[in-house]
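For reference, the structure discussed in these notes is given below.
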Amino acid sequence: MIINVKDNWVDFDKPVRMTERQIKDFKKFIQEEFNTSEIKYVKEKEPNREGIEVHQKKWEAWEMVALFSGEDTPTLEKKLNRNSMSIQMMGQKIVFEVLAWAKKRGRAIPPTQKDIEDFLGENQ
Amino acid sequence: MIIQGNKGSVDLESPIEATELQKDRFINFFKANYNAVKIVEVRSFRSIRLNPNRMFLRKFIDEEIPFLLNLDNPVGKVAESLGRPIMTVAKKRGELLPTFINWTIKANRNMVTEDMDKLIADFIEYQKKYREEKKQIRKEGKNKDKRIKELQERIEFWKSSKKREELETFARFGKIEGNVDDLINKKIIEFQEEIGKINLNLKKSEL
């Protein structure tokens, strides 16, 4: 997160996403430090997902292996016939889980299809 | 003073005027509760604030990369610590990982046996260098494009009747030696050769 400062002024570079607890803490801090409890509630603009249909296609072991190939998302999109969102979501999930598993089991990275099958066998 | 969005985004209605002490406390509050907090001195502050008509895209900064690549933290925890939506963090992780894996493979590094913090630090360093090199190449490319344009304009000028008349006048008064046509062709070839050399270097730097 970037906090912008200029002379005796402070500001967020962009709005910050906070959990309920973080919002509560922030309000408390502002109240104590700047003696104000003014809150303006607004509706946030959401990304336009109109017309986007979600079809979940099961991930195969060989596809998971491809996520470790180091190829960029556009290449993987073509290779796996999946969209970038699907690849990035699965990538961030499976790569971390397989890495943690490989460290525990002493397996190499990038994994082979056999490694992924073992991983899935242990985690399903 | 605070603007609170219905999805959990929080903004300030305007910059906060603060004493040095308050400013330090504001910064320390965020440094204590969030990761990768960077302080930037600015000339002016943004005018557009959280509102129903505008989405704000927060570019990821290098300081966030170690947290995005940290194996021990689930995506929700990382998002919370960076003050970002879970979806944005998940998407960025998914985008960053292939680059990271690709780099470990090419650099012959081992994600399983090596110290992950060191590995990530080296990766960030590599990315910084890569970006700088790209920037330099783009800059050189721009300068070369400018030079090519200049040379093309010169070629056109040497092909023009105006230049020919000027050279013919010089030739009549014995200021230049040789045939005017030969001189024009020689000069045009020189310019074309320089353009060829620039293009060749551009191609090499793109590889």
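Things to note:
- Of all residues in the range B:55-72, those being farther than 21 Å from B:E125 by Cβ and either more than 7 Å from chain A (Cβ to nearest Cβ) or of a type in the set (A, V, I, L, M, F, W, C) (or both) number 4.
- Of all residues in the range B:74-88, those being small (G, A, S) and without any contact (Cβ under 8 Å) to a residue 12 or more places away in the chain number 2.
- Test: A:I94 is more than 30 Å from B:K106 (Cα to Cα) and in a helix (DSSP H, G or I): no
- Filter pass, A:D25 being farther than 23 Å from B:D72 by Cβ, in a helix (DSSP H, G or I) and within 12 Å of chain B (Cβ to nearest Cβ): yes
- Qualifying positions in the range B:187-199 - of a type in the set (D, E, K, R), surrounded by 13 or more Cβ atoms within 10 Å (Cβ to Cβ) and over 13 Å from B:R164 (Cα atoms): B:E190, B:E194
- Matching residues, the range B:84-130, being among the charged types (D, E, K, R) and within 24 Å of A:P47 (Cα to Cα): B:R84, B:K91, B:K92, B:R93, B:E95
- Any hit, the range B:167-187, residues being part of a helix (DSSP H, G or I), of a type outside the set (A, V, I, L, M) and within 30 Å of B:D62 (Cα to Cα): no
- Considering the range B:2-19, and only residues there that are exposed (fewer than 15 other Cβ atoms within 10 Å of the Cβ) and at the interface with another protein chain (Cβ under 7 Å from one of its Cβ atoms), the residue that is nearest to A:D13 (Cα to Cα) turns out to be B:E13.
- Criterion: outside the structural domain of B:N35 (by TED's automatic domain parsing) and either out of contact with any His (no Cβ under 9 Å at 6 or more places or on another chain) or on the phi > 0 side of the Ramachandran plot (or both) - qualifying residue of B:K92, B:K106, B:K128, B:K77: B:K128
- Test for A:E77: is it modelled with pLDDT of 90 or more, under 20 Å from the mean Cα position of the chain (by Cα), under 18 Å from A:D118 (Cα atoms) and surrounded by 14 or more Cβ atoms within 10 Å (Cβ to Cβ): no
- Meets criteria (over 22 Å from A:Q113 (Cβ atoms), part of a loop (DSSP other than H, G, I, E, B) and over 18 Å from the mean Cα position of the chain (by Cα)) for A:K58: no
- Verdict on B:T99 being surrounded by 13 or more Cβ atoms within 10 Å (Cβ to Cβ), touching a Leu at 6+ places or on another chain (Cβ under 8 Å), at the interface with chain A (Cβ under 8 Å from one of its Cβ atoms) and closer than 30 Å to A:K103 by Cβ: no
- Taken over the range B:37-54, the residue count meeting the criterion of being at the interface with chain A (Cβ under 8 Å from one of its Cβ atoms) and either in a helix (DSSP H, G or I) or exposed (fewer than 13 other Cβ atoms within 10 Å of the Cβ) (or both) is 7.
- Residue tally, condition acidic (D, E), closer than 18 Å to B:L68 by Cα and more than 8 Å from every other protein chain (Cβ to nearest Cβ), over the range A:56-114: 1
- Meets criteria (under 19 Å from A:N8 (Cβ atoms) and within 28 Å of the chain's Cα centre (by Cα)) for B:V42: yes
- Evaluated against (1) at the interface with chain A (Cβ under 7 Å from one of its Cβ atoms); (2) touching a helix residue (DSSP H, G or I) at 6+ places or on another chain (Cβ under 8 Å); (3) buried (at least 16 other Cβ atoms within 10 Å of the Cβ), B:Q22 falls short on exactly one condition, (3).
- Pairs, first surrounded by 11 or more Cβ atoms within 10 Å (Cβ to Cβ) in the range B:120-143, second modelled with pLDDT under 85, C-beta under 6 Å, six or more apart: B:I137/B:S205
- Residues in the range A:2-13 that are within 7 Å of chain B (Cβ to nearest Cβ) and surrounded by fewer than 18 Cβ atoms within 10 Å (Cβ to Cβ) were compared, and the one that is farthest from B:L57 (Cα to Cα) is A:N8.
- Yes/no for B:M87 being crowded, with 16+ Cβ neighbours inside 10 Å and among the aliphatic types (A, V, I, L, M): no
The values are calculated or read from the model by the stated rules, or taken from the named source; none is laboratory data. Quick caveat, the model's predicted, so the values are computed rather than measured. So basically every Cβ, Gly included, is an ideal-geometry build from the backbone, and we count neighbours across all protein chains shown.
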